[in-house]
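**Student:** Could you have a look at this structure, given as structure tokens, before my questions?
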Amino acid sequence: MRVAVPREIRDGEKRVALVPDIINKLTKLGYDVVIESGAGVHAQATDDLFTAAGATVKSGNVISDADVVLCVTSLTPAQISSLKKGAVTISFLSPVTAVDSIDAAVTAGVTAFSLELVPRISRAQSMDALTSQALCAGYRAALVGAELSPRFFPMLMTAAGTVTPAQVLVLGAGVAGLQAIATARRLGAVVSAYDVRPSSADEVKSMGAAFIDLELEALEGAGGYAREMTEERAAKQRELLTPYIAKSHLVITTAAVPGRAAPRLMTAAMIDAMEPGTIIVDLAAETGGNAEGSKPGEIVTTAKGVQIWGGKDVPSQLPFHASSLYSRNVVNLLTLMTSAAKDGEKVALNIDFTDEIIDKSALTHAGAKHTPGASEKGGSN
């Protein structure tokens with residue numbers, strides 16, 4: 001069976017779905033691995049390295065005769081329509097924003113898996129690409145803030161006097177937020193953080209940051225994610241956060257609700273109350289933004305001199321390690337649904353929908369949209 005990795009075609013995408021040092025995990029299972037020439041160039045994964053690792057490198061279309069296609073961003077409808085019936089794709093594939101690609105997979109008879117839907121259970125941790133890529137985004141956010149800030153981050157004792165440390169506020173203490181906290185702390189800043197889930201307080205404190213308790217209702221959702229809040233609750237939260245935001249030199253926002261627009265944490269009025277030279281790093285800019293006025297891939301400077309950096313494909317800005325982590329996630333998921341070659345039998349796919357991970361991460365199968373749990377109810381999908 002053939003596993004193919006095409007070049008990513010999304011503008012600005014620098015990651016690759018497989019890196020050379022993990023190719024042997026697939027070849028040991030019995031797969032033939034084909035990489036499109038140049039696919040890993042931005043991640044320091046050259047064609048020569050792929051070849052040395054046991055993959056075949058080809059120019060042009062590598063997916064039309066593949067049994068499995070691995071990629072980072074979702075294939076386009078045109079790419080999917082070129083796949084053979086019964087092929088499997090594994091990638092990020094949003095049920096909200098990639099509807100055309102999902103419909104194309106149904107029409108083509110392709111089984112499409114979305115890494116965004118991998119359940120947050122202990123057995124699936126090694127396949128959780130959202131977590132691995134959020135780690136990269138949080139690290140990058142702190143570095144961007146430090147680079148844009150006109151201030152030192154650490155306290156410095158000099159002959160000319162003492163330089164006080166930067167005050168950093170992180171809104172949202174999930175994986176990205178915790179990594180932003182850790183990185184800002186390593187750079188010497190004084191860090192505080194807020195999350196709608198009080199259960200995150202211990203994690204924040206373990207990173208050396210202060211946890212802000214607004215004494216509001218907890219919004220703990222399924223899988224450890226935050227639940228969506230009412231507008232009344234959001235307005236009260238913004239009111240209570242305003243003084244903390246106003247005294248910060250850098251605010252990093254990471255709040256997200258899966259499948260929905262990002263919650264608005266900072267209004268234009270709140271931003272205008274900040275000191276000139278303050279930096280906002282909005283990691284949720286691509287889903288509507290936590291900060292009013294943020295734009296994905298742009299730095300917006302307000303009339304009051306506050307800079308808002310809107311994140312766009314942030315993990316891709318660290319393509320070497322983002323690709324390395326992602327490739328392990330995708331290979332672990334593919335391995336779960338693989339019967340390895342042995343005793344004269346060839347490698348084969350074993351897509352078992354009674355397995356919770358396979359069931360919940362599948363979006364299409366056998367010419368139809370897949371409904372999780374249908375196999376338990378006696379359905380074909």
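**Student:** Collect the residues in region 27-70 that are of a type in the set (Asp, Glu) and closer than 23 Å to Ser101 by Cβ, keeping them in residue-number order.
**Tutor:** Glu36, Asp65, Asp67
**Student:** Can you tell me which residues in region 277-294 are among the acidic types (Asp, Glu) and either surrounded by fewer than 22 Cβ atoms within 10 Å (Cβ to Cβ) or out of contact with any strand residue (DSSP E or B) (no Cβ under 8 Å at 6 or more places or on another chain) (or both)?
**Tutor:** Glu286, Glu292
**Student:** For Arg151, which of the numbered conditions (1) outside the structural domain of Met266 (by TED's automatic domain parsing); (2) surrounded by fewer than 20 Cβ atoms within 10 Å (Cβ to Cβ) fails to hold?
**Tutor:** Arg151 satisfies all of (1) outside the structural domain of Met266 (by TED's automatic domain parsing); (2) surrounded by fewer than 20 Cβ atoms within 10 Å (Cβ to Cβ) except (1).
**Student:** While we're looking at this one, here's another question. Residues of region 307-324 being under 15 Å from Glu147 (Cα atoms) and of a type in the set (Phe, Trp, Tyr), which ones?
**Tutor:** Hit for region 307-324 is Trp309, nothing else.
**Student:** Identify, please: which residue in region 30-46 is under 27 Å from Ala340 (Cβ atoms) and without any contact (Cβ under 8 Å) to a residue 40 or more places away in the chain and is, among those, nearest to the chain's Cα centre (by Cα)?
**Tutor:** This residue is Ala39.
**Student:** What residue, among those in region 295-326 that are of a type in the set (Lys, Arg) and out of contact with any strand residue (DSSP E or B) (no Cβ under 7 Å at 6 or more places or on another chain), is surrounded by the fewest Cβ atoms within 10 Å (Cβ to Cβ)?
**Tutor:** By that ranking, first place goes to Lys304.
**Student:** Report whether or not Val347 is closer than 17 Å to Val69 by Cβ, crowded, with 17+ Cβ neighbours inside 10 Å and either at pLDDT 95 or above or not charged (D, E, K, R) (or both).
**Tutor:** When the stated conditions are applied, Val347 passes them.
**Student:** Sticking with this structure for a sec: Before we move on, is Asp67 surrounded by 18 or more Cβ atoms within 10 Å (Cβ to Cβ) and without any contact (Cβ under 8 Å) to a residue 24 or more places away in the chain?
**Tutor:** No, not satisfied.
**Student:** I've got another one for you. What about Leu75, is it in a loop (DSSP other than H, G, I, E, B), over 16 Å from the mean Cα position of the chain (by Cα) and farther than 16 Å from Gly367 by Cα?
**Tutor:** yes
**Student:** Would you confirm, using the coordinates I've provided, whether Thr89 is crowded, with 19+ Cβ neighbours inside 10 Å, in contact (Cβ under 8 Å) with a residue 24 or more places away in the chain and more than 12 Å from Val19 (Cβ to Cβ)?
**Tutor:** Criteria met by Thr89.
**Student:** Then there's this: Cβ-Cβ under 6 Å, sequence separation 6+ or interchain: first residue in region 223-241 and among the hydrophobic types (A, V, I, L, M, F, W, C) and exposed (fewer than 13 other Cβ atoms within 10 Å of the Cβ), partner at pLDDT below 80 and not in a helix (DSSP H, G or I). Which pairs?
**Tutor:** Cβ pairs passing all conditions: none.
**Student:** So if I check each of Gly172, Gly177, which one is touching an Asp or Glu at 6+ places or on another chain (Cβ under 9 Å), surrounded by 20 or more Cβ atoms within 10 Å (Cβ to Cβ) and on the phi > 0 side of the Ramachandran plot?
**Tutor:** Exactly one residue qualifies, and that residue is Gly172.
**Student:** Show the residue pairs meeting these rules: Cβ distance below 7 Å; 6+ apart or different chains; first residue within region 342-368 and without any contact (Cβ under 8 Å) to a residue 40 or more places away in the chain and farther than 14 Å from Thr89 by Cα; second residue of a type in the set (Phe, Trp, Tyr) and buried (at least 20 other Cβ atoms within 10 Å of the Cβ).
**Tutor:** Close Cβ pairs satisfying both conditions: Asp359/Phe353.
**Student:** Follow-up question, since we're still on this one. Of the residues Ala4, Ala17, which single one is small (Gly, Ala, Ser) and in a loop (DSSP other than H, G, I, E, B)?
**Tutor:** Unique residue meeting the criteria: Ala17.
**Student:** Would you mention how many residues in region 70-84 are among the β-branched types (Val, Ile, Thr) and crowded, with 23+ Cβ neighbours inside 10 Å?
**Tutor:** Summing the residues that are among the β-branched types (Val, Ile, Thr) and crowded, with 23+ Cβ neighbours inside 10 Å in region 70-84 gives 2.
**Student:** Which numbered condition in (1) modelled with pLDDT of 95 or more; (2) not in a loop (DSSP other than H, G, I, E, B) is the only one that Glu376 fails?
**Tutor:** (1)
**Student:** Can you pull out every residue in region 20-51 that is part of a helix (DSSP H, G or I) and crowded, with 20+ Cβ neighbours inside 10 Å?
**Tutor:** Pro20, Ile23, Leu26, Ala43, Phe50, listed by residue number.
**Student:** Now, a different point. Give me the helices (runs of 4 or more DSSP H) completely within region 123-232, filtered to those with at least 1 residues that are at pLDDT 95 or above, small (Gly, Ala, Ser) and closer than 29 Å to Ile90 by Cα, ordered by residue number.
**Tutor:** 129-148, 175-186
**Student:** Here's something else I'd like to know. Can you tell me which of Gly60, Gly54 is assigned to a loop (DSSP other than H, G, I, E, B), within 24 Å of Met337 (Cα to Cα) and not assigned by TED's automatic domain parsing to the domain that holds Gly177?
**Tutor:** On inspection, the qualifying residue turns out to be Gly54.
The values are calculated or read from the model by the stated rules, or taken from the named source; none is laboratory data. No experiment lies behind these values; they were computed from the predicted model shown. Positions of Cβ are generated from backbone atoms using ideal geometry, with glycine treated the same way; all protein chains shown enter the neighbour counts.
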